[in-house]
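The values are calculated or read from the model by the stated rules, or taken from the named source; none is laboratory data. Because the structure is predicted, anything quoted here is derived from the model rather than measured. A quick note on method: Cβ atoms are made from the backbone with ideal geometry, for glycine too, and the neighbour counts reach across all protein chains shown. With ligands, DNA and RNA removed, areas are computed over all heavy atoms of the protein, side chains included. Shrake-Rupley method; radii C 1.70, N 1.55, O 1.52, S 1.80 Å.
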Amino acid sequence: MASENINRKIAVIFATDVVGYSTSMEANEVQTLKNLKACKKILDDLFLQHGGHVFNTAGDSVLAEFSSAVSAVVCASEFQKLIRERNKSVENFQKMEFRIGINMGDVVKEDGNLYGEGVNIAARLEALSKPNGICLSKNIYELVKTKTNFSFDDLGEQKMKNTIVHAFDINTGESISKFKRKKTKKIKLIPVFSIICFFLICLSGYFFISNNRNGEIMNEKIIAVMPFVNSGGDSSQDYFVDGLTEDLIIDLSKINAFSVISRNSVFNYKNKEYSDKEVAKTLNADFLLKGNARLRGDLLRLNIELVNSETGSNIWAERFEEPKEEIFNLQDSLVINIVEQLSVKLTDKEEEKIINTKAPDLEAYDIYKQGLASQDRSEARKFYKKAISLDPNFGRAYGSMAISLAFDYANTNRQTLTNAERDILKNEAINYAKKAIELNPDEAHSFFSLAFIYAQAKMIDKSKDQNEKALKLEPENLLALQMKATNQINDGFFKDGLTTYQKVRKIDPLFPIFVLQGEARAHLALAEFEKAFNISEEALIRNPRSSSAMLNYIVSAWKLGKKEDAKWQMEELILNSNNLFLNKNNFVTRINNYPWHQVNKDLVISVYDEIREDGS
């Protein structure tokens, strides 16, 4: 049989190409080819170092095979790093940006070339990647997550033509690309149009003009607790050191005199060299709290310093050496020292929140932190359950369990679970959240966990009620502020929503894209089309395939008379939605399924009609 002669194998495939290559060629073909040659030289040298073998090139595209997933990912990371360094040292017309996709799958070898699904998926992951980014299939992620020090963003399941691939971005922690969005109609990937849920977090992730308990504006000190460095050399203890940082962020957030930069923003700097002044400027922080920790056996050593970002000088530095079992007392001591150094007087209630918080069992705490560090929700829940079994009164573990189950509830559908199974999942999450409130009624995390599952279950009034309770306890709880802002805009309180999003921006300066999407909807509803247009452009620079950002851009551009821009973006939207929006009924049905305010829905549908009538 002919099939007996087919040479098949499993291979790691590395795919890359240049962002905006066609447009650059149109502008200056000779210079673009020179730039590409210089960048390919960097890539060829890295392939030589890491065992990459090029099997196909076409124009700006390169396809390479690796025998090791780790080697491919490290090579990709080093390439993007070197390209960023090159871009900083050359003129604008010499700069280039790349996207990279990496997959492991079945390929066919023929005449030195590789074909098949393994190659196709790598190319589609490349198209899904952000500029300067690296996008991985889940099988690559599983192989490298414990063998590298990268952090990852779970993109969930992405529809790619005739297959669905679970994708992950490598979180490089770099600032958003400043390139001007190019109007190219060449679409290499047509992902399924995803519904933008009002509660989507990214988790980040995890914003300003902070209020005190009476709603009066205060001049709080803004502190950024930078990720503590694990100086012990044992990467298996990263979760514990990260936990120290996270707990200090939580504890300092309980003090009204402080605004504390969110975990989402500060952890962009984990394992990276940075200038204190530059970070402080980016995060708009008055003070940086920095430290390094070493855990050897049962002994914890911690060096810590509090830096005045304006002068760059140390306000306070201290070294602690305590048994691991004293971790909770050490955390309390750190908070009290910081408060004293900044001449802040705690209220009795604030001091009670910090000092008298019931400490969990140490082993349960350790296991819980491993759960928080896990990139897999199912694995994380195993850690949470074990922590709860060791300490049945560990309220925060119940809350995190509820949030994890709520994500699963939101991401399932009737094709994978029956209605009865979904109800069981929902009720389980609600019960965990209610238990968290019972055990920790003074923690915002407990009430937010219940608000979150209610939101997923479309029990909106109950969700809002619990969310407000979370904010009453912790006025700058990031997740609760995000939810409140989106609810306000979806309910038609557009100016209030924009004010709340300003709070979000304050404590999370590196905020996720859905903040921009919500702000743009509010400005559209207020007929502030220029502001909506500018914000939509910023969102599309972050993610050129965001359907929500595209819709905001189309409406604002059309209303401003930028008809060609709006028409072009409508073509992009139709391509990105696999031609779903060519049909008016399909378009209207999908828009009406959004939780948006009717003003926004009417605007989008009316502009769609006007574009069609205009001959598009």
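A few notes on this one:
- Put simply, of LEU300, LEU346 the only residue that is at negative phi and assigned to a strand (DSSP E or B) is LEU300.
- Any chance LYS9 is in contact with a strand residue (DSSP E or B) (Cβ under 9 Å, 6 or more places away or on another chain) and modelled with pLDDT under 90: yes
- Scanning segment 52-72 for residues that are in contact with a strand residue (DSSP E or B) (Cβ under 6 Å, 6 or more places away or on another chain), closer than 27 Å to ASN149 by Cα and not aromatic (Phe, Trp, Tyr) yields a count of 9.
So that you can scan it fast, the table gives a plain yes or no per residue for (1) part of a loop (DSSP other than H, G, I, E, B); (2) open to solvent by 50 Å² or more (accessible area, probe 1.4 Å); (3) at pLDDT below 90:
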residue	(1), (2), (3)
ILE535	no, no, no
ALA539	no, no, no
SER548	no, no, no
ILE554	no, no, no
TRP558	no, no, no
GLU564	no, yes, no
LYS567	no, no, no
GLU571	no, yes, yes
PHE581	no, no, yes
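- Count of segment 124-143 residues, restricted to those that are surrounded by fewer than 22 Cβ atoms within 10 Å (Cβ to Cβ) and assigned to a strand (DSSP E or B), is 0.
- Residues (in contact with an Asp or Glu (Cβ under 9 Å, 6 or more places away or on another chain) and either in a loop (DSSP other than H, G, I, E, B) or not β-branched (Val, Ile, Thr) (or both)) located in segment 506-519: LYS506, LEU516
- Restricting ALA387, ALA373, ALA397 to residues that are small (Gly, Ala, Ser), under 29 Å from the mean Cα position of the chain (by Cα) and open to solvent by 10 Å² or more (accessible area, probe 1.4 Å) narrows the list to ALA373.
- Taking segment 603-616 as the range and being open to solvent by 70 Å² or more (accessible area, probe 1.4 Å) and within 30 Å of the chain's Cα centre (by Cα) as the test, no residue passes.
- Condition check for THR499: closer than 24 Å to ILE261 by Cβ, part of a helix (DSSP H, G or I), under 19 Å from the mean Cα position of the chain (by Cα) and of a type in the set (Ser, Thr, Tyr): no
- Just one of the listed residues (ILE424, ILE430, ILE403) is buried (at least 23 other Cβ atoms within 10 Å of the Cβ) and part of a helix (DSSP H, G or I), namely ILE403.
- Given (1) closer than 29 Å to LYS138 by Cβ; (2) out of contact with any His (no Cβ under 7 Å at 6 or more places or on another chain), index of the condition GLU29 fails: (1)
- Scanning segment 311-332 for any residue that is open to solvent by less than 30 Å² (accessible area, probe 1.4 Å) and more than 21 Å from PHE258 (Cα to Cα) turns up at least one such residue.
- The one condition from (1) at pLDDT below 85; (2) part of a strand (DSSP E or B) that GLU321 does not meet is (1).
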